[in-house]
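Student: Pasting a structure below so you can have a look.
The values are calculated or read from the model by the stated rules, or taken from the named source; none is laboratory data. What you see is a predicted model; the values in this text were computed from it and never measured. Don't worry about glycine lacking a Cβ; one is built from the backbone with ideal geometry, like all the others, and counts go over all protein chains shown. We work out accessible area using only protein heavy atoms, side chains counted, and drop any ligands, DNA or RNA first. Shrake-Rupley method; radii C 1.70, N 1.55, O 1.52, S 1.80 Å.
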Amino acid sequence: MPQDPPTAGDLLERILAARGLGDPDDRAAFLAPDLKLLTESNPLSGTEKATDILLESIREKRPIVIYGDYDVDGITATSILWHVIRAIDPEAPISTYVPHRLEEGYGLNPDAIRSLHEEGARTIITVDCGVTAVEEARLARELGVDLIITDHHRAREDGELPDAAAIVHPSLPGKEHEFTELAGAGVAWKIALHLARKASGSNRVGPSLQNALMDALSLSAMGTIADVMPLQDENRIIASFGLRHMGGCRNIGVQALLRASGAGKGRNDAEMVGFRLGPRLNAAGRMGHAASAIELFTTADDIRAEELAHELTELNTKRQAVEKAITTRAHEMVLEQGMAEPGSHAIVLRHQDWHPGVVGIVCSRLVEKYGRPTILMQDDGEFCRGSARSISGYSIHEALGVCDEHLETYGGHHMAAGMTLASDSFEDFARDLIKHANDSIPESHLMPELKIDLEVDRTEISGTVIRKLSAMKPFGRGNPGPRVLLKDMRVLTALAFGRSDNHLKLRLGTEDERSKPIEAIWWGQAERLEQVRHRSVDVVAKMEIDSYSKRESLVIDDIAMVNRG
């Protein structure tokens, strides 16, 4: 006699146990993140000194400049400090600066420091950049500027740190925080919390600062998710509470961006940030100037915020077109140059027409397809400028360090980096980096990896079960959506859909009379329509509730044909 299918709670517990959360207390802590674990954790190393300088600057009306990066992490981190300082003193002489991605490049630069000093800056605090800025820190000290560096990127390989007035960083050797994987926006939020308490003279801050910190938590969630930080520990708390608060966030720019992206006050989750909000904010730095995104989150009024949100949407549309063209040509070059073949464990390409602000996104596309660390650069005839993305287990930052004799500048972390090199050094650089990848990456690691939580039966999947699994959200790096294996499914119907008919919609069934057919989507795989039609298949997929039909649905990662005799 067949057994009743497991309950929603059973499947949730099985998945959590498969991820190492077998202890009931650990499961409870994971499913109900506690904000107190974030607010009561120890301050990051350097926070006391940094907040002393900031508070003294605020009280003495010394001009403060927040110097941010041009990506979502830098934009949100800049906005976090701006709002909390303004909540402490609405008249504080505070301004923001973000370098132009193409004209100035990443991080602190001497010309900007000199210019800001001439304009009156006496305190400069970096966010999401600066930990390698040794020369720039020396210049700031010579000019009499208090330079506070807050960052989360890797320090220099030689271990030298900038001689700054203070450095706040979660993972400096010997000064590691309990959780080292904070984004720049997470670092900024923890500094803002400590600054607010210090300004209040108590751990209990007033309503104005409470509101500023809660709104800042939504910004921190954006930065953390968009920077693809692991959604574990303190990051899980930031993302959970920041997303939960986002619909009610008092930041005018956040609400304008939600409306422009079609997100509204409803489905505020990590996917919404990753696919709707993040790309619009990144488009400012990639296709224009990130100052417009910072304006959106700081000084913009209602009318200006709507204008800026729509401008970012238009920039993102242009970015998508540029990205598509680069992706098409990059795929062609990979095949032409044999970089997907054995013997080439990395992809390193350049092209004169590629937009240096967009190549990083295309790197991610190539990593997904070919399973190799990828570097793409725009070559203007004098310099090559570009980005890198890596695979698990291979630090692209360390690889660049091995090849640094060919580089003018580089920076980043294990999974992503940026670099500049002379055009006539490209061939030597590409040769040495590919050799390093060949020596460091086993061929078995080049195959894209699908990690499966469990094998399940069709009868275990229902709307109730999937809704129960949503307690594991937010999903992202370090906490992906549950991925399951279903064996011996029959493709009952299959059809192509989408603007270009490039996706597949399937209807899957089983021999079990208790199980109803289930709908499934397989993105970008319409060319496999005839291959799968009416076949028996094993399916690896994630489970979702379809937003239109409200029925349970599968989002397919891969399919294997079944021929078990």
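Student: Out of the residues in the range 48-68 meeting the condition of being assigned to a loop (DSSP other than H, G, I, E, B) and open to solvent by 10 Å² or more (accessible area, probe 1.4 Å), tell me which one is nearest to ALA112 (Cα to Cα).
Tutor: Looking at the filtered set, the residue picked out is PRO63.
Student: While we're here: Considering only the range 506-565, state which residues are assigned to a helix (DSSP H, G or I) and within 21 Å of ARG483 (Cα to Cα).
Tutor: VAL532
Student: Restricting the range 135-151 to residues that are β-branched (Val, Ile, Thr) and either in contact with a His (Cβ under 9 Å, 6 or more places away or on another chain) or open to solvent by 10 Å² or more (accessible area, probe 1.4 Å) (or both), which is nearest to ILE75 (Cα to Cα)?
Tutor: Residue satisfying both the conditions and the ranking: THR150.
Student: Within the range 210-249, work out how many residues are among the hydroxyl-bearing types (Ser, Thr, Tyr) and touching a strand residue (DSSP E or B) at 6+ places or on another chain (Cβ under 8 Å).
Tutor: Qualifying residue count for the region: 0.
Student: Then there's this: How many residues are open to solvent by less than 40 Å² (accessible area, probe 1.4 Å) and not in a loop (DSSP other than H, G, I, E, B) when one looks only at the range 236-253?
Tutor: Matching residues across the range 236-253 total 11.
Student: Just to be sure I understand, how many residues within the range 70-96 are open to solvent by 10 Å² or more (accessible area, probe 1.4 Å), of a type outside the set (Val, Ile, Thr) and closer than 21 Å to GLY186 by Cβ?
Tutor: Total satisfying the criteria: 6.
Student: Also, quick follow-up: Mind checking which residues of the range 29-47 are in contact with a strand residue (DSSP E or B) (Cβ under 7 Å, 6 or more places away or on another chain) and either part of a helix (DSSP H, G or I) or open to solvent by 70 Å² or more (accessible area, probe 1.4 Å) (or both)?
Tutor: Correct list: THR47 only.
Each row is one residue, and each column tells you yes or no for (1) buried (at least 16 other Cβ atoms within 10 Å of the Cβ); (2) at pLDDT 95 or above; (3) among the aliphatic types (A, V, I, L, M); (4) within 30 Å of ASP10 (Cβ to Cβ).
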residue: ASP379; (1), (2), (3), (4): yes, yes, no, no
residue: HIS406; (1), (2), (3), (4): yes, yes, no, no
residue: GLY411; (1), (2), (3), (4): yes, no, no, no
residue: ASP424; (1), (2), (3), (4): no, yes, no, no
residue: GLU427; (1), (2), (3), (4): no, yes, no, no
residue: PRO448; (1), (2), (3), (4): no, no, no, no
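Student: Tell me which residues, restricted to the range 163-173, are over 24 Å from MET415 (Cβ atoms) and either surrounded by fewer than 19 Cβ atoms within 10 Å (Cβ to Cβ) or not hydrophobic (A, V, I, L, M, F, W, C) (or both).
Tutor: Within the range 163-173, ASP163 is the sole residue that qualifies.
Student: Any chance you could count how many residues in the range 97-108 are modelled with pLDDT of 95 or more and surrounded by fewer than 23 Cβ atoms within 10 Å (Cβ to Cβ)?
Tutor: 1
Student: Exactly one of these conditions fails for ARG154: (1) over 22 Å from TRP189 (Cα atoms); (2) open to solvent by 60 Å² or more (accessible area, probe 1.4 Å). Give me its number.
Tutor: The one condition ARG154 does not meet is (1).
Student: I would also like to ask the following. Going by the conditions given, is ALA256 touching an Asp or Glu at 6+ places or on another chain (Cβ under 9 Å), open to solvent by less than 10 Å² (accessible area, probe 1.4 Å), part of a helix (DSSP H, G or I) and over 28 Å from HIS413 (Cα atoms)?
Tutor: So ALA256 fits the description; yes.
Student: Let me ask something else about it. Go over the candidates ARG514, ARG467 one by one and state the one that is within 22 Å of GLU271 (Cβ to Cβ), open to solvent by 30 Å² or more (accessible area, probe 1.4 Å) and among the charged types (D, E, K, R).
Tutor: Only one candidate passes the filter, namely ARG467.
Student: May I ask you to list the residues in the range 383-432 that are of a type in the set (A, V, I, L, M) and within 25 Å of the chain's Cα centre (by Cα)?
Tutor: Correct list: ALA388, ILE391, ILE396, ALA399, LEU400, MET415, ALA416, ALA417, MET419.
Student: How many of the residues making up the range 323-340 are in a helix (DSSP H, G or I), open to solvent by 20 Å² or more (accessible area, probe 1.4 Å) and either out of contact with any Lys or Arg (no Cβ under 6 Å at 6 or more places or on another chain) or not β-branched (Val, Ile, Thr) (or both)?
Tutor: Counting residues in the range 323-340 that are in a helix (DSSP H, G or I), open to solvent by 20 Å² or more (accessible area, probe 1.4 Å) and either out of contact with any Lys or Arg (no Cβ under 6 Å at 6 or more places or on another chain) or not β-branched (Val, Ile, Thr) (or both) gives 8.
Student: One residue is enough: does the range 471-486 have a residue meeting the conditions outside any loop (DSSP other than H, G, I, E, B) and more than 19 Å from ASP557 (Cβ to Cβ)?
Tutor: yes
Student: Considering the range 57-73 alone, what residues qualify as being under 20 Å from ALA137 (Cα atoms), at pLDDT 95 or above and of a type in the set (D, E, K, R)?
Tutor: Across the range 57-73, the qualifying residue is only ARG62.
Student: Of the residues that sit in the range 184-220 and are free of Cβ contacts under 8 Å to residues at least 60 places away in the same chain and under 26 Å from GLY130 (Cα atoms), which one is farthest from the chain's Cα centre (by Cα)?
Tutor: Here the residue is ARG197.
Student: Do you know which of the residues in the range 208-235 that are surrounded by 23 or more Cβ atoms within 10 Å (Cβ to Cβ) and among the hydroxyl-bearing types (Ser, Thr, Tyr) is farthest from GLY285 (Cα to Cα)?
Tutor: Only one residue fits best here, namely SER218.
Conditions (1) touching a Pro at 6+ places or on another chain (Cβ under 9 Å); (2) free of Cβ contacts under 8 Å to residues at least 60 places away in the same chain, marked per residue:
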| residue | (1), (2) |
| --- | --- |
| ASP379 | no, yes |
| GLU382 | no, yes |
| GLY386 | yes, yes |
| ARG389 | yes, yes |
| ILE396 | yes, yes |
| HIS406 | no, yes |
| THR409 | no, no |
| HIS413 | no, no |
